[in-house]
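Here's the structure we're looking at; comments come further down.
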Amino acid sequence: MEIWQTAARTTSIPLDDLKGLFLNGIPSAGCNTAQTFFHRGNASYTVNGQGRTNQRDQFSVAYLAWHISKISTHGFYKLVKGDQAESTWKSWITSNAPSLGKDYFFQLQRNKFGWNTIMDNRTQYLSEVRDKMCTPTFATGEEVNYFVAQPNYLPLKVMFLAVSEVDDSSQSTVAKLESVFKDNLASQHWDAIKDWRNLNMFDGMDSALGIPQFQSQVQDACNVDDHWENPSEVGLTVVDTWGEAVANWVKQGSYSLSSIYTGQNADNHQSKFYGAFGSCFRAGTEITILGPNEKLMTKPIEEITLGDHILCAQGKEGVVSEENSTPMLEE
């Protein structure tokens, strides 16, 4: 009986496996989450397990925002309220834990143990449950196994959950199983498992997620540099913007969870101007000089020689001399 085998092997809650399935849903959240944090070039990030694609945006946005609050580089921590983000995702877990735990537990059964076969042949398996499990002999045998020999109520609670998952909308089979166990178990033993519907497979998930799982991905995204240079006759303008995709992601996410955003800007933008003197230029930079017959012409900077008359800022003229020239740096 595959249904009972599922229960019998569940001697403890598989929290790590459930965490893996849950985290796999985060990259599918909205606001370009996958492109911002999980795809740098040809690389992508996955965790153990094969999670379904689902849009749990509120948790995902709050959880990744919490990661951002821990990034000191370029002042990204200024964008979000770390404590608020943490309390938001933890509250979401607590509120949704009962249904999430059951949902992901049976997803795990489908991935690892071929539960799709059971779901596709549920009529056959429900018949087996009624014939082989809904009997006094089965109930008292399991009482000995799980209450006398080595007390562990979890497999029996999982058994009821599994039958309920396979059962039809009337839930008549699980009701019959309950009746048999109630009539044949000692009252204190039945009392220990009768609340099986309240079994929380996600109990402890907030602690399991309490260590940031995606810190390296968020850090890498914040370090992506959009570098831009604009050479001109009077100098070179260099602009660096780090983590622009992250900053945009924060602004987009604020529509759904505005309470966790500060409205401040990160220190991720830098613009510098390097004038004609006292700074270095790339080879090939065109410099305006006074040529033959006092006509203006341009010349690559590496060809400028002592005595050349160059046009400086505001149209002033300067003469290249040994006192104000420096050796050209190799790239």
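The values are calculated or read from the model by the stated rules, or taken from the named source; none is laboratory data. Computed from a prediction, not measured in an experiment: that's the story for all the values here. Counting neighbours? That spans all protein chains shown, and the Cβs are built from the backbone with ideal geometry, glycine included. The protein model used for the area step is the full one, side chains on, heavy atoms only, and it has no ligands, DNA or RNA in it. Shrake-Rupley method; radii C 1.70, N 1.55, O 1.52, S 1.80 Å.
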Exercise for review: Multiply the residue gap between R56 and A208 by 0.36 nm, knock off their C-alpha separation, and tell me the result in nm, one decimal place.
Suggested key: 52.9 nm
Exercise for review: Go ahead and run the numbers for FRET between L154 and S216, Cβ-Cβ distance against an R0 of 35 Å, rounding to 0.05.
Suggested key: 0.50
Practice item. Would you kindly work out the equivalent ellipsoid of segment 197-276 from its C-alpha gyration tensor and give its semi-axes, the square roots of five times the eigenvalues, largest first in whole Å? Key: 42, 14, 8
Revision key, fill the gap. To the nearest Å², the heavy-atom accessible area per residue of segment 136-230 with 1.4 Å probe amounts to 48 Å²
Point to revise | Those chymotrypsin sites (Phe, Trp or Tyr not before Pro) in segment 184-270 that DSSP places in a loop and that have at most 11 other beta carbons within 10 Å | key: Y255
Check your understanding: Pulled fully out, how much extra length does the chain show between N293 and A186, if you take 0.36 nm times their separation in residues and subtract their Cα-Cα distance?
Key -> 27.1 nm
Review point. Quick one: with all protein chains in place, what share of the accessible area of segment 139-236 is carbon or sulfur, to the nearest percent (1.4 Å probe)?
Key: 47 percent
Review point. Rg (Å, one decimal) plus Dmax (Å, integer) for the alpha carbons of segment 127-238?
Key: 28.3, 94
**Study point:** Förster radius 22 Å - calculated FRET efficiency between S179 and T123, Cβ distance, rounded to 0.05
**Key:** 0.55
Study note, to complete from the structure: Plugging the Cβ-Cβ distance of T305 and T73 into 1/(1 + (r/R0)^6) at R0 = 45 Å yields, to the nearest 0.05, a FRET efficiency of 0.55
Study note, to complete from the structure: Semi-axes (Å, rounded, descending) of the ellipsoid equivalent to segment 56-99 per its C-alpha gyration tensor are 23, 9, 6
Revision key, fill the gap. Regression test value, accessible area per residue of segment 74-126, probe 1.4 Å, units Å², expected 47 Å²
**Study point:** Lys, Arg +1 and Asp, Glu -1 on Cβ, resulting dipole of segment 166-308 about Cα centre, debye, nearest 20
**Key:** 280 debye
